[in-house]
1. Within segment 10-27, track down each residue that is free of Cβ contacts under 8 Å to residues at least 60 places away in the same chain and open to solvent by less than 20 Å² (accessible area, probe 1.4 Å).
2. Give the residues of segment 85-108 that are within 11 Å of the ligand (Cβ to nearest atom) and open to solvent by 20 Å² or more (accessible area, probe 1.4 Å), sorted by residue number.
3. Please determine whether any residue of segment 47-58 is over 21 Å from the mean Cα position of the chain (by Cα) and part of a loop (DSSP other than H, G, I, E, B).
4. Given (1) within 30 Å of ALA229 (Cα to Cα); (2) open to solvent by less than 70 Å² (accessible area, probe 1.4 Å), where does TYR320 come up short, assuming only one miss?
5. In this structure, does GLY31 turn out to be surrounded by fewer than 18 Cβ atoms within 10 Å (Cβ to Cβ) and either away from the ligand (no atom under 15 Å from the Cβ) or not hydroxyl-bearing (Ser, Thr, Tyr) (or both)?
6. Which pairs turn up if I take residues in segment 109-123 that are over 17 Å from TYR76 (Cα atoms) and away from the ligand (no atom under 11 Å from the Cβ) and look for partners that are part of a loop (DSSP other than H, G, I, E, B) and of a type outside the set (Gly, Ala, Ser) with beta carbon separation below 6 Å, at least 6 apart in sequence or on another chain?
7. Under 7 Å between Cβ atoms, which residue pairs at least 6 apart in sequence (or on different chains) link something in segment 287-314 that is touching a residue at least 60 places away in the same chain (Cβ under 8 Å) with a partner that is among the aromatic types (Phe, Trp, Tyr)?
Amino acid sequence: MAMELFDRGRLEALEELTLAPYAVKARESGGRLHPEPEHAFRTAFQRDRDRVIHCDAFRRLEYKTQVFVNHEGDHYRTRLTHTIEVAHVALAVGRVLRLSPDLIESVALAHDLGHTPFGHAGEEALNALMRGHGGFEHNRQSLRIVEKLERYYPGFDGLNLTREVREGLIKHRRRDGAEPGGVLPPSLEARLVDLADRVAYDCSDVDDGLRAGILRIEEVRDLEVWRRAEVVAGETFGEIPAELRARQGVRCLKNILVTDLTVTTGQRIQAADPRSAGDARRMNEAGAASGEPLAGFSAECVPLVDALDAYLRDHFYRHYRVLRAQAKARRVVTDLWTEYVREPRTLPTHVWKRVEQDGPEQAACDYVAGMTDRFAIEEHARLFDPASRA
Ligand code: MG
């Protein structure tokens, strides 16, 4: 008897059976900018995920900073490990809520593709340099990468991802509601990725900050949410060896946030009863206006997370060692961009076409934004250190 293959048609049928009515189904996708035949075995969103994983920008995430510069230590988060953490937090919540795991994964794995080298310091520097040329913002850059800058196909630029994944990359976090006209409110899947991003970086920044000796556990105890995490860890394990206290604290912290997000979102979905993915988008947006989006933390948890953000801002991101690294990063990014714009022919030849198409400022911006930390540092030496090979 011939082996029956579990092909795309069956996967799509399985989505109808297992996903919630308000989940975004691959079969209902708004499609791709450039029409392509569907794949025999993979759904549209599974294919998007694979295209993201195989693009150049994804591989460069390994050598891009989260908070620490990439070469500072092997155990700190990089953009790549952060990206994997975001995907797994979002998947953990999304599976319980019966949302589309493939859409979640695609958006999560692509969400930071547009990040510059050296984290937010690099982004701020490029944004300042690009004032007057449209500015720079990493979410927009993620979209630009998948729509334009990646070159894989003969017929078009970019990865030709589905509309749902591309929409998921336009953040979502603009509080002024000034979305460009005609853009749908984000899907629940995309909103979850955004929230998972926050859970992931809040928890990993505490972890990395403690590991680096920049944060001290006695001081982190000022935070209510950390004290709760320690209580949970104590209830589970009793007396915890000192060297494991921080790890268990971070683990329980993450669990508290993920559990709250899952339960709160589940309750709100149940109360609102969206019957379609479109319903869910609209209800989430309408709820957000009154402070209760479908996807979100509970009213009790929001101030705890806000306090954690504020704590990290004051004690971690503004620590002198972090500020020093950021000042260096700004100088490198500014020097590179300024030199390329002053003399575009110092750019490698494969970038020259972009200079003609988009102008030297945008071409230099795209080129610098795409760099890894280590490439930017090496390139800086090649351009400015006379003893370096050009
Ligand atoms: Mg992120």
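1. GLU12
2. GLU85
3. Narrowing segment 47-58 to residues over 21 Å from the mean Cα position of the chain (by Cα): none.
Checked against the condition, which is being over 21 Å from the mean Cα position of the chain (by Cα) and part of a loop (DSSP other than H, G, I, E, B), segment 47-58 yields no hits at all.
4. Going through the list (1) within 30 Å of ALA229 (Cα to Cα); (2) open to solvent by less than 70 Å² (accessible area, probe 1.4 Å), TYR320 breaks only (2).
5. So GLY31 fits the description; yes.
6. Partner pairs satisfying both residue conditions: GLY122/THR116; GLU123/THR116.
7. VAL305/PHE297
Listed here are the residues, each with its yes/no results for (1) within 30 Å of GLU28 (Cβ to Cβ); (2) among the basic types (Lys, Arg); (3) in a loop (DSSP other than H, G, I, E, B).
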| position | (1), (2), (3) |
| --- | --- |
| LEU126 | no, no, no |
| GLY134 | no, no, yes |
| GLY155 | yes, no, yes |
| GLY158 | yes, no, yes |
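The values are calculated or read from the model by the stated rules, or taken from the named source; none is laboratory data. Since the model is a prediction, treat every value here as computed from it, not as a measurement. Glycine gets a Cβ as well: all are built from the backbone with ideal geometry, and neighbour counts include every protein chain shown. Side chains are part of the model used for accessible areas, which takes the heavy atoms of the whole protein and leaves out ligands, DNA and RNA. Shrake-Rupley method; radii C 1.70, N 1.55, O 1.52, S 1.80 Å.
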